[in-house]
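First the structure, in the form of structure tokens, and then the observations on it.
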Amino acid sequence: MFEIIIYLLLIIGVFFNLLGSLGLLRFPDVYTRLHAGTKCTTFGSIFLIGSVILLGLKDWYLGSTNGSILAIHAIVALVAILLTNPTGAHAIARAAHKSGVMPINAQVDHLKEDTGGSKKTTEIKKKEAR
Amino acid sequence: MDLVEIIHIILPILIVASAVVSIYLKDLLAAVIALAAMSLLLSLEFYILQAPDVAIAEAGVGACLTTAIFVIAIRATKRKEDA
Amino acid sequence: MNQRTIAASVFFIIVAIFFILAAWSMRPFGAPDQSAMDDYIIQNTQEEAGANNGVTSVVFDYRGFDTLGEATILFTAVAGVIMILRREKHE
Amino acid sequence: MIEFFNEYILVIAILMLSIVIAIIRVILGPTAPDRVVGLDTINTIVISGMVLLGALYQDIIYIDVAIVYALLSFISTLFIAKYLEGGGF
Amino acid sequence: MSEMSRIVRTMTAIMFPFAMIYGLYVIAHGHLTPGGGFQGGAVVASACAMLLVAYGSKWVEEKIKEKNLSLLESVGAIGFIAIAFFGLFFGVAFFHNFLVGSDLLFGMVPAVGSTGANINTGGVLPLMNFAVGLKVIAGLFAIVLVMAYATTSFKEGKS
Amino acid sequence: MIYNLPYFAVMGLILVGLFALIFKRNLIKMVIGITLIESGVNLFLITLGYRENSTAPIYTSSPGGIMSLPVPQALTLTSIVIGVAVLALMLSFVILIYRHYKSLDVNEVRRLRE
């Protein structure tokens, strides 16, 4: 019972991780690569670490003290990944846009128009954004 | 334990490959990124060579401090390698 | 392609051949030759140093002088960095 | 080793393949943000691989390394992003 | 100018106590789990570097003076050497582990073989871990802070 | 029985670092080369202390069995912290040289010196 769920979680996780890195290779520009390389691997890692948590809970249920410690440490690692990974992705996207990397095949770039508009509206929008 | 040997085989090749990349690239920032990847894989190598103490030290130093110092130095000097 | 580059190339090739031969004739991976000292440390670290972690007991107990030298080098390096870069702040 | 754990080894081998692909992106990437995205991907994959290896060795002390990486690996990303944004530190 | 966007600042303010506590855990459990003074010091210094990159070096310089970091590093070094000299005074030799087997703090001897974690063991090793950890924290963070601050002020004065 | 592949990785790292140190003229590239050599030496020490099918030398709830050697790991541990301190010192010198000569090229620095 437990093993079937663990197998399922492992299959889902490794599938999404492989898909994420493949998308990282195949996509055309930075922003789409960011989708593949950050969101997809984070989603896969949730399932992979979740399988380890389930393994620890199973050991704990069977009467081993190491199982609970394994599960708790894996939960801490999962929470750390969930907190830090989107922050890094946001920082990369913002830096890429500020350093002048444009999306390929983009017809309208709203952010560009915002920063290139009249100064007053830009300042107001900046204050709102802060 | 046969498939673990695959990790033992792939990982040194990747380490040397990223080291070569970090020397080959002309852009110094890209070289530093490749160096960070090398440090990351080196920490995984320490991990599977049964040295978790060294892996933690390499993680704390290589993941953050080395890259930080290099980026600060590149910020203070210049980015492109003229050669 | 001056003489300097040629001499450097020859030196590099000699060193490369030496390293390749050394890596080729190394003992097999995963089987240390002499491990008497390490076996002693592994067996006695819980009684003598009182620690479960063998590496920490080596760093701070069996080989404390290494750590003392490391502390000296770290102190010197930090003092050097502060001394080099501090002058810019007051200008 | 129990036979059940061989599946973990298989998963880790596939993760190695993913790391190879991400390394190719780090090598190819035309601009610096591409390479940073590749580095971030390698970070995440290595963290999950470390947790799986800790479960494979059945030794709880190994997962500490994964936690350290998960806590600290995005700081290098922040430094490089701040450099690309321009402005001093 | 020198601070990052609001998301990064908020997440840094959330993550910084976690990283700090985890680093102190690594230092304090150095004799039981993988870790110790060097590793925990590197983790805490990295956490402080995260604060530096998110809020800018000027903000950090106002909070933590580099002089105090220098002082802290000297305190760590003096503590390390003093513990080593205690081994000479109370025991037989420099770096002698004089607390093992006594009834004092950290004086218990663990059972031989694979045991559970008991934090009251280790002799002088936890104390040395704390001294060296203090030294490494202060040293590495002083390096990063001084480099960031000096180069930034140079650039702004230049342009 | 991996047929000495980690030794070849050590050799590759040290050779790549030496190549950068000899043939590159950029100062930061040379510093990167020194970092690579240091990483190679660390990997060499850890590789020397590895035993086949061993566990880490830590007794806290370990599964038992033979353990890998602790002394090379301890030496590597001190080596890493020394490495980052010395790296910071070298980069400080590089920043100082750039402020004096406005260049990172080794030949430029040497020529202006004469």
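The values are calculated or read from the model by the stated rules, or taken from the named source; none is laboratory data. On a predicted model such as this, the values are computed, not experimentally measured, just so you know. Every residue, glycine as well, gets a Cβ built from its backbone with ideal geometry; the counts of neighbours run over all protein chains shown. Note: areas computed on protein heavy atoms with side chains; ligands, DNA, RNA excluded. Shrake-Rupley method; radii C 1.70, N 1.55, O 1.52, S 1.80 Å.
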Which listed residue is assigned to a helix (DSSP H, G or I) and modelled with pLDDT of 90 or more, from C:42, C:73: C:73
Subset of the range C:60-79 (residues that are surrounded by fewer than 17 Cβ atoms within 10 Å (Cβ to Cβ) and more than 14 Å from the chain's Cα centre (by Cα)): C:65, C:68, C:72, C:76, C:79
Out of D:69, D:62, D:83, report the one residue that is within 14 Å of chain E (Cβ to nearest Cβ) and open to solvent by 10 Å² or more (accessible area, probe 1.4 Å). D:83
Just one of the numbered conditions (1) part of a helix (DSSP H, G or I); (2) of a type in the set (A, V, I, L, M, F, W, C); (3) open to solvent by 10 Å² or more (accessible area, probe 1.4 Å) is not true of residue E:141; which one? (3)
Where residues in the range A:9-43 are of a type in the set (Gly, Ala, Ser) and touching a Phe, Trp or Tyr at 6+ places or on another chain (Cβ under 7 Å), which of them is surrounded by the fewest Cβ atoms within 10 Å (Cβ to Cβ)? A:36
Is there a residue in the range D:3-10 that is at the interface with chain A (Cβ under 7 Å from one of its Cβ atoms) and open to solvent by 10 Å² or more (accessible area, probe 1.4 Å)? yes
When the range C:28-54 is checked residue by residue, the ones that are out of contact with any Leu (no Cβ under 7 Å at 6 or more places or on another chain), at the interface with chain E (Cβ under 9 Å from one of its Cβ atoms) and open to solvent by less than 40 Å² (accessible area, probe 1.4 Å) are C:46, C:50
Exactly one of F:70, F:6 is within 24 Å of residue D:60 (Cβ to Cβ) and either facing chain B (nearest Cβ under 8 Å) or buried (at least 24 other Cβ atoms within 10 Å of the Cβ) (or both), and that one is F:70
Within the range E:113-128, the residues that are within 24 Å of residue E:87 (Cβ to Cβ) and either at the interface with another protein chain (Cβ under 7 Å from one of its Cβ atoms) or in a loop (DSSP other than H, G, I, E, B) (or both) are E:118, E:119, E:120, E:121, E:122, E:123, E:124, E:125, E:128
Residue check for residue D:75: without any contact (Cβ under 8 Å) to a residue 12 or more places away in the chain, open to solvent by 10 Å² or more (accessible area, probe 1.4 Å) and of a type in the set (Val, Ile, Thr): no
Hey, residue E:32 among the hydrophobic types (A, V, I, L, M, F, W, C), assigned to a loop (DSSP other than H, G, I, E, B) and open to solvent by less than 10 Å² (accessible area, probe 1.4 Å) or not: yes
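If you scan the range C:1-27, which residues turn out to be surrounded by 12 or more Cβ atoms within 10 Å (Cβ to Cβ) and of a type outside the set (Gly, Ala, Ser)?
Within the range C:1-27, C:11, C:12, C:15, C:19, C:20, C:26 meet the criteria.
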Conditions (1) part of a loop (DSSP other than H, G, I, E, B); (2) hydrophobic (A, V, I, L, M, F, W, C); (3) surrounded by fewer than 24 Cβ atoms within 10 Å (Cβ to Cβ); number of the one not met by residue D:89: (3)
Please verify whether the range B:17-32 includes one or more residues that are crowded, with 22+ Cβ neighbours inside 10 Å and within 14 Å of chain E (Cβ to nearest Cβ). no
With respect to residue E:54, is the statement that it is within 14 Å of chain B (Cβ to nearest Cβ), of a type in the set (Gly, Ala, Ser), in contact with a helix residue (DSSP H, G or I) (Cβ under 9 Å, 6 or more places away or on another chain) and over 21 Å from residue C:78 (Cα atoms) true? yes
Any chance residue D:49 is within 12 Å of residue B:47 (Cα to Cα), of a type outside the set (Phe, Trp, Tyr) and buried (at least 24 other Cβ atoms within 10 Å of the Cβ): yes
With the checklist (1) touching a Lys or Arg at 6+ places or on another chain (Cβ under 9 Å); (2) part of a helix (DSSP H, G or I) in hand, flag the one item residue A:48 doesn't pass. (1)
Out of (1) within 7 Å of chain D (Cβ to nearest Cβ); (2) of a type in the set (Val, Ile, Thr); (3) open to solvent by 20 Å² or more (accessible area, probe 1.4 Å), the one residue A:81 does not meet is (3)
The conditions are (1) open to solvent by less than 10 Å² (accessible area, probe 1.4 Å); (2) touching a Pro at 6+ places or on another chain (Cβ under 8 Å), and residue F:33 fails exactly one of them. Which is it? (2)
Answer from B:65, B:49, B:14 - the residue that is away from chain E (no Cβ under 14 Å) and out of contact with any Gly (no Cβ under 7 Å at 6 or more places or on another chain): B:14
